Structure formats: structure tokens, C-alpha cells
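The values are calculated or read from the model by the stated rules, or taken from the named source; none is laboratory data. What you see is a predicted model, and the numbers here were worked out from it, not measured in a lab. For neighbour counting, all protein chains shown are included, and Cβ atoms are generated from backbone atoms with ideal geometry for every residue, glycine included.
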Amino acid sequence: MRLSGQNLKCVRGGREVFSGLDVSATASEALAVTGPNGAGKTSLLRVLAGLLVPAEGSIALEGGDAELSLPEQAHYLGHRDALKPALSVAENLSFWREFLGGKTEDAGRCLAAVGLDHAAHLPAAYLSAGQRRRLSIARLLSVRRPVWLLDEPTSALDAAGQALFVALMRDHLASGGLIVAATHLPLGIEARDLRMGAPA
Amino acid sequence: MSALAALIRRDIRIALRVGGGALIGVLFFLTVTVLMPFAVGPDLALLSRLGPAILWLGALLASLLTLDRLFTADHEDGSLDLIAMSRTPLELACAAKALAHWIAAGLPLIVATPVLGLLLNLDGTATLAVAATLLAGTPALTFTGMIGAALAVTLHRGGLLLAVLVLPLSIPVLIFGVAASQAAISGPLPFGTPFSILCALSLASLVIGPFAAAASLRHGLD
């Protein structure tokens, strides 16, 4: 499996964020996108996730499911956690598990894997920022998707949470997945570095 | 299909919990209708003549009031990104969200109509006629209102804009809804004529609404 983007150009609000950017990642490989604030790391991830249309360039995923597009085979972990405060932890997770579909894992086991099984019946409104992040990570585990697009995945996580997430990323890579992560902190796994320039 | 069922279940569940939109719509409907007899005065004949129009106006405003959160909440917490990326076509997801909204916020208005009809001196037939026209017409209000909700998704406090955007689309529904109720109460038009047009408006909006909403959401995501 190989994810590649060629000659990508992104324009937001009339301002060019980046142009002529080539991205590639193969199976079992992690790509760490680094760069100063405003360099376009989040924009790049959103372009790859199909949420922003690139002004130029093309994106392709070779070796995936030919019936599905790249966004349909990807998990996107953004700044916002996509949780509903009115629903409980278990309800939030099982909604995404049913809605995203495909190959799913047992919800209870995913909650246990991120250390939230004791809070399954608590409304998500009462979770701390780190717990919310853990619940979002449980979403990545509950539905099997080969491509993970992660935006500052370890923000708000404590040391134990970061170690846990590093282990989960290792498992994902070992099972043939690929990861593109925008980050300021070291990811904790071997990753190829894609350095984005200063804001234009 | 299970994805759509999950979306509908989730939206209804959120609407019915504390802070959800379902109760707010009914309470607003109740407020408008209860205040009206005090404003119009104790003229029973006048009240029963105005009754269907008052109930329709109340239902229309109540549905506008709750519609502005239809996509905004999902946009703010990032759920809309994941819904747009998923294997479910965005058009179907929009239709499912609108259906869930109608079940949670539209149906209670129709259930409340017989009680509120008493306050407006409407007899059994008249109340039944208004309830029937609301049942046929409120889906049109929800599905056309969804287009405005999708256009206003990136704006903070887009509620008023939503009302202005949706106004021209909801006027035909209001006209034929009230006309059908009046026809059932006092004639001279047969009930079937305006009621059929009302049903046609609902069916057309069921088709057009999801496509228009999905197109404007795709444009608005960034």
C-alpha cells in the first residue's frame, strides 16, 4: 500500500498555504509532518482526508481497496474530538463504530485499551481533555482503517497516555497500516520527517 | 443502512436529553399559542377563524427555532468532518439527520396541536384538519429548512440568517397548509385540493433538500 500526493497546492482564504508539495508514505511507515505554526500541517492532513480540495495536484492510494476512496479508508483524528457531551462514553464510541462500519472491534475492549473502561457510563461532558483524546483514540481502534491521519495526536495526553498511544501506533504499523501525523513533539516511533516551510 | 439507523438513533437521543432541542420547540409553540388569545381578545368567532393560521405560524416558527442547530453542533465538535469522510453518501446522512430532527422536534408539535386547539376554540374536526395538515406539511418545513441550516453552518449565530434564507421556501407550505385547514373547516374549496399540493411540496422537498444541503456542506467544509 502506498499513499502519494504530488505537486499539492493549497489555498485558503485567498492565501497560498503551500505549493509544489510531494507527500508519500508506504505500508508500515509513519510520516511525521513538522513545521512552525501556520506552515500548513493541518491543511495538508485535511487535503489528504478529502475535507479540503487542493488547488493543484493529485492524491492517490495504491494497493488499498479499489472500491473505496482514500477518505473512506482513513481515520482522521483532528483537533476537535467529535464527541457529544450529552451521550455517555460507551454511546459515543458505539455510534462511531456503527456509523463508520466496515471491520469493527469489540467496543468494550477498545475502551479498555485506552484505559476508559471504568468510565463507560459517564456522560462525555464530564471527561477531561486527556480523557476525551483517549476516547477519540478508541475510535481509531474500534473500526479497522489502514490509513491514520493524525493532527497533534498526543496533545493533552499524560505520560502514560503517550506511551500507550506509541504502542498502539506500533501495532497499527506492524499490521501493515500507515500513519501521517502532524506534530510538534517527537512521535516516539521511527518516522520519516516531512518538514514544511515557514508561512509565506 | 445500519450507519443511517445509528445516525438517526444518536440524533434523537441527543434531542431528547437535557439541553436537546426537542422540548424547546414544543415550549415555544405552546408560548405563542397561549399568548395569542390574550392578544386577540375574547371574541370566540374571531379566534376560531384565526386558529389554523395561529397554529401553523407557531409550528413554522418553532421548527425554524430548532433547525439552526441541525448541522452547527456537528460542525463545531468535528463530527461533520467524519460524517463527510465516511462511506455513507453525505446526501443520505443529511436526509437521516433531517428525519431524526422531524421525529424529535416535528412530531411533538403535531401531538400538542389538539391541546392547543382547545385554547383557540377549535372544534374536533377543525383540530383534526390542522393536525393532518401539520403532519403532511412539517416534513417540508424541516427538509427545506435543512438547506438554510447547511448554508449557515460556518457562521456563528446563524439562526436569524437561517430564518431569512428559508422564509421564501416556507411561504408556499404555509399558504397551502392554512388553506387546507380552512377548507376543511368552512369550505368552499374541497379539502383535497390544497392538501394534495401540500403533500406534493413535502415530497419535492424530501428529494431536493438532502442534495442541496449536502452540496452546500461540501462547499462550506474547510
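For region A:154-172, the tally of residues that are farther than 17 Å from A:Gly130 by Cβ and over 13 Å from the mean Cα position of the chain (by Cα) stands at 2. Look at B:Thr154 and say whether it is touching a residue at least 60 places away in the same chain (Cβ under 8 Å), surrounded by fewer than 22 Cβ atoms within 10 Å (Cβ to Cβ) and among the β-branched types (Val, Ile, Thr). Against the criterion (touching a residue at least 60 places away in the same chain (Cβ under 8 Å), surrounded by fewer than 22 Cβ atoms within 10 Å (Cβ to Cβ) and among the β-branched types (Val, Ile, Thr)), B:Thr154 qualifies. Against the definition (over 16 Å from the mean Cα position of the chain (by Cα) and assigned to a loop (DSSP other than H, G, I, E, B)), how does A:Gly115 come out, yes or no? Against the criterion (over 16 Å from the mean Cα position of the chain (by Cα) and assigned to a loop (DSSP other than H, G, I, E, B)), A:Gly115 qualifies. Here is a check on your reading of the model: is A:Thr183 more than 15 Å from the chain's Cα centre (by Cα), surrounded by 15 or more Cβ atoms within 10 Å (Cβ to Cβ), farther than 24 Å from B:Leu16 by Cα and of a type in the set (Ser, Thr, Tyr)? Spelling it out, it is not the case that A:Thr183 is more than 15 Å from the chain's Cα centre (by Cα), surrounded by 15 or more Cβ atoms within 10 Å (Cβ to Cβ), farther than 24 Å from B:Leu16 by Cα and of a type in the set (Ser, Thr, Tyr). A:Arg134 falls short on exactly one of the conditions (1) within 14 Å of chain B (Cβ to nearest Cβ); (2) at pLDDT 90 or above; (3) assigned to a helix (DSSP H, G or I), and that condition is (1). When region A:72-93 is limited to residues that are assigned to a helix (DSSP H, G or I) and surrounded by 22 or more Cβ atoms within 10 Å (Cβ to Cβ), the one that is nearest to the other protein chains (Cβ to nearest Cβ) turns out to be A:Asn92. Got at least one residue in region B:42-62 being away from chain A (no Cβ under 14 Å), over 21 Å from B:Gly159 (Cβ atoms), assigned to a helix (DSSP H, G or I) and of a type in the set (D, E, K, R)? Yes, region B:42-62 contains a residue that is away from chain A (no Cβ under 14 Å), over 21 Å from B:Gly159 (Cβ atoms), assigned to a helix (DSSP H, G or I) and of a type in the set (D, E, K, R).
Would you confirm whether or not region B:70-90 contains a residue that is of a type in the set (Phe, Trp, Tyr) and over 30 Å from A:Glu67 (Cβ atoms)?
There is no residue in region B:70-90 that is of a type in the set (Phe, Trp, Tyr) and over 30 Å from A:Glu67 (Cβ atoms).
Can you pull out every residue in region B:115-131 that is surrounded by 12 or more Cβ atoms within 10 Å (Cβ to Cβ), in a helix (DSSP H, G or I) and of a type outside the set (A, V, I, L, M)? Selection gives B:Gly117, B:Thr127. When B:Ala112, B:Ala179 are checked against the criterion of being part of a helix (DSSP H, G or I) and surrounded by fewer than 22 Cβ atoms within 10 Å (Cβ to Cβ), a single residue qualifies: B:Ala179.
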